[in-house]
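Notes follow once the structure below has been shown.
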Amino acid sequence: MTRRDARGVTLIEVSIVSALAMLVVLGMVGFYISSQSSWMAGSSQALAQRDATLLVETMADSIRRAAVAVPFDSPDSLRRGVALYDATGTEFWRFWWEARDQRVHHGPAVGRDHGPVVNTPVTRFELDTLTRLVVIRLVEMRADDGQTVRIASAAALYNRAATP
């Protein structure tokens, strides 16, 4: 009669436990990578949304000080600009889409660029004017992950109208 008093584990038991541990670790790594990519996509989208809101709010602040707003193609109807005039008919500010960096720029007049309002590329910048209202029909931005963010708004002219 032989006794099995050996205390320990066999190679088969070690192999099975190692394989199960590897499956658990791979599952955790997969979950981490998936969570990280979801977080990055969400952060990129949130930054683009923040920039879109900031662009519209910056424009609205300037538009509210204007007596007259005149839209213009910059360079086409999908990417426009707007020139803002005070009650004396003097242009005091403008916003336009710049092809070289695909961003909306602003400045006090033609040739006086204060740079882009926000850092997110703008693919569409559509606006129009009604009697006392500037309608921002569509601001479409491309987030770092390639997703698009769209926003629309309107801003009223508060000053008395004058002819530019």
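Quick notes
- Percent accessible area from carbon and sulfur atoms, the range 32-77, protein chains only, probe 1.4 Å: 60
- In order through the range 139-153: 3J(HN,Hα) via Karplus (6.51 cos²θ - 1.76 cosθ + 1.60), integer Hz, x for Gly, Pro: 10, 10, 10, 10, 6, 4, 8, x, 5, 9, 10, 10, 8, 9, 6
- For the range 54-132, the list of trypsin sites (Lys or Arg not before Pro) that fall in a loop by DSSP and count at most 12 other C-beta atoms within 10 angstrom reads 100.
- Förster-model FRET efficiency, 30 Å R0, residue 132 and residue 78, C-beta, rounded to 0.05: 0.75
- Dividing the mean sequence gap of close Cα pairs (under 8 Å, 6+ apart) by how many residues the range 1-112 holds gives a relative contact order of 12 percent.
- Computed from the C-alpha gyration tensor, the three semi-axes of the ellipsoid equivalent to the range 1-85 are 70, 12, 4 Å, from longest to shortest.
- A viscosity of 0.890 mPa s and a temperature of 25 °C, combined with the Kirkwood radius over C-alpha pairs in the Stokes-Einstein formula, give the chain a diffusion coefficient of 127 µm²/s.
- Summed over the residues of the chain and divided among them, the accessible surface reaches 63 Å² per residue at a probe radius of 1.4 Å.
- Put simply, the amide H of residue 79, placed in the peptide plane, has neighbours under 5 Å in 74, 125, leaving out anything fewer than 5 places away on its chain.
The values are calculated or read from the model by the stated rules, or taken from the named source; none is laboratory data. For clarity, every value in this text was computed on a predicted model and none was experimentally measured. As a convention, Cβ positions derive from the backbone with ideal geometry for all residues, glycine included, and neighbour counts pool all protein chains shown. Heavy atoms of the whole protein, side chains included, go into the accessibility calculation; ligands, DNA and RNA do not. Shrake-Rupley method; radii C 1.70, N 1.55, O 1.52, S 1.80 Å.
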